[in-house]
Amino acid sequence: MESLGRTGHGRPGCPVGHVELADRVADFVSSRVMPREQVLDAGGEPAAAAMRGLQREARREGLWALPLPAELGGQGVALPEHAHLAEAEGASDHGPVALGSAPLLDVLMLQRHGSDRVRREYPARITAGEMSACYAMTEPGVPGTDPPAVRTRAVQQGDGSWQISGRKWFTSGAAGADLVTVLARTDGLAGDREGLSLLLVPTSASGFRVVRELPVMGAGGQWEIEFDHVTVPADHLLGDRGKALAVASERLQLGRALRCLRWLGQAQRAFGLMRERAAERTGARGVLLGEQQLVQRHVFEALLAIRTTRPLVHEAVARIHAGDEAHVEVGLAKVAAARMLQQVADAAIQIHGAEGLGPGTPLPALFRTGRAARILDGPDELHMTSVARRVLRLR
């Protein structure tokens, strides 16, 4: 069983009543999910069958849908407590899906901003794992940092329904989704911040098409999709017409914080592998790697990066949970966590040598995630500029 790399410091800040639960989640991920990662990464029906099996096991062990609302069939663990669980489950990319917490953003968005029909038909089924949803915002040829420039359009018909045309890409999980929330222009001109709306589209609708998979540095899971005059009911508009950016901002804030927590879990995993390698492997002339000062420096710097990033991430989580302004905290956390994961994974690879580059460890995948994290969900430069302008009151 692969170690998650706990550093002997316990779980700082984790409420006493949730330490045991966090340990159970960590054990499930390390003993059940990680041994199946190669099958899950390969995709296809074997991966789907393996994931269904993991989800059944999570339900049997009372670990299913921990942060999702209790009234929808989840377990209602509050965000500050779930933050510690998210680190543990995020040590594997497949952990959130296996444990049923992955759809948290979609469920909350539909429950808060959907019509009566949307709230009645979808959130509980998504929570139960009967349906899956994805979110489509970024487009080919349009900077992801400039949502008002989107070209996808939705035109309201005489009967109140919407007809959507456009193309999106880097949409996570689109190939297997039952629903996709799409950002489209319903009013105004390109570049206007007003006039953008969110519409919920069943992927069974005529005119919806998965164009191609877009591997990210060799890893699958991202897709390009097309809407060719896709018609959806009037009551599948989420939130107010033309006010999508307010809903999108709410989703992005929480989504970025959750991803930072998962990156912490993955960095802790890489650190554990690095520590074990340094403590057990001998190098030239039979000297233990951990006895060499340059290796000790890698270990120190990696641990320092993890320990100094964690408070930033949890501060952002606390502000989001309290309903406070959190743009600065989320921006700091996102940049720090992405850099931290890349740094720790890189150091772990260095200490493993050539073995760290091959398929025998998860380190190449962890490094890839860290590198991609500095672009996806907003590049570092966007967050740095945004935070600086807010601090300097240049908004």
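Laboratory data are not the source of any read-out in this text; all were calculated from the coordinates shown. Computed from a predicted structure; not experimentally measured. Cβ sites come from the backbone with ideal geometry, for glycine too, and all protein chains shown count toward neighbours.
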So what are the ³J(HN,Hα) numbers for segment 152-167, from phi and the Karplus equation (6.51, -1.76, 1.60; θ = phi - 60°), rounded to whole Hz, Gly and Pro as x? 4, 10, 10, 10, 7, 8, x, 8, x, 6, 10, 10, 10, 9, x, 9
Segment 116-125 - phi-based ³J(HN,Hα) in whole Hz, Karplus 6.51/-1.76/1.60, Gly and Pro as x: 4, 5, 4, 5, 6, 9, 10, x, 5, 6
Relative contact order for the chain: what is it in percent, counting Cα pairs under 8 Å that are at least 6 residues apart? 14
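Can you order the peptides 108-115, 270-277 by their average number of other Cβ atoms within 10 Å per residue, highest first?
Working: 108-115: 20.1, 270-277: 22.8.
Answer by packing, highest mean first, reads 270-277, 108-115.
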quick shape note, the chain: Cα extents on principal axes in Å, largest first -> 80, 51, 41
Under 5 Å from the placed amide H of residue 150, counting only residues 5+ away or on other chains, we find 191
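Could you list 243, 334 in order of exposure, starting from the residue whose Cβ has the fewest other Cβ atoms within 10 Å?
Values: 243 17, 334 27.
By the 10 Å Cβ count, ascending, the order reads 243, 334.
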Evaluate E = 1/(1 + (r/R0)^6) for residue 357 and residue 31, where r is the Cβ-Cβ distance and R0 equals 22 Å; express this FRET efficiency to the nearest 0.05. 0.25
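Quick check on segment 133-238: take the gyration tensor over C-alpha atoms, sort the square-rooted eigenvalues as a ≥ b ≥ c, and tell me if it's rounded (a/c under 1.5), prolate or oblate. Spell out each step's value before the answer.
Details: a/c = 2.23, a/b = 1.29, b/c = 1.73.
In terms of gyration-tensor shape, oblate.
How large is Rg/Rh for segment 81-128, to two decimals, with Cα atoms and a Kirkwood Rh? Before the final figure, lay out each step's value.
Numbers: Rg = 12.4 Å, Rh = 11.6 Å.
Across segment 81-128, the Cα-based Rg/Rh ratio is 1.07.
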For residue 135, distant residues with modelled amide H under 5 Å away: 172, 181
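Nearest 0.05, what FRET efficiency do residue 78 and residue 384 give at R0 = 25 Å with Cβ-Cβ as r? It would help to have the intermediate numbers written out before the result.
Values: r = 31 Å, r/R0 = 1.23.
Calculated transfer efficiency: 0.25.
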Subtracting the Cα-Cα distance of residue 304 and residue 368 from 0.36 nm times their residue separation yields 20.9 nm
If you average 1/r over all unlike Cα pairs in segment 16-107 and invert the result, what Kirkwood radius do you get in angstrom? 13.1
Could you please state, rounded to a whole Å, how far the C-alpha centre of segment 188-241 is from the C-alpha centre of segment 359-395? 24
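Listed highest first by mean packing, meaning other Cβ atoms within 10 Å per residue, what order do 214-220, 304-310 come in? Each step should come with its number before you reach the end.
Details: 214-220: 12.6, 304-310: 18.0.
Sorting 214-220, 304-310 by mean packing, highest first, produces 304-310, 214-220.
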For segment 246-391, what is the Kirkwood estimate of the hydrodynamic radius, computed as the reciprocal of the mean inverse distance between distinct Cα atoms, to one decimal in Å? 16.0
Among 182, 97, 287, determine the one that fluctuates most according to a GNM of the chain built with springs between C-alpha atoms less than 10 Å apart. 287
Sequence-separation-based contact order of segment 86-136, relative, with Cα cut under 8 Å and 6+ spacing, percent: 29
Other-chain or far-sequence residues with amide H under 5 Å of residue 238's (modelled H): 198, 199, 200
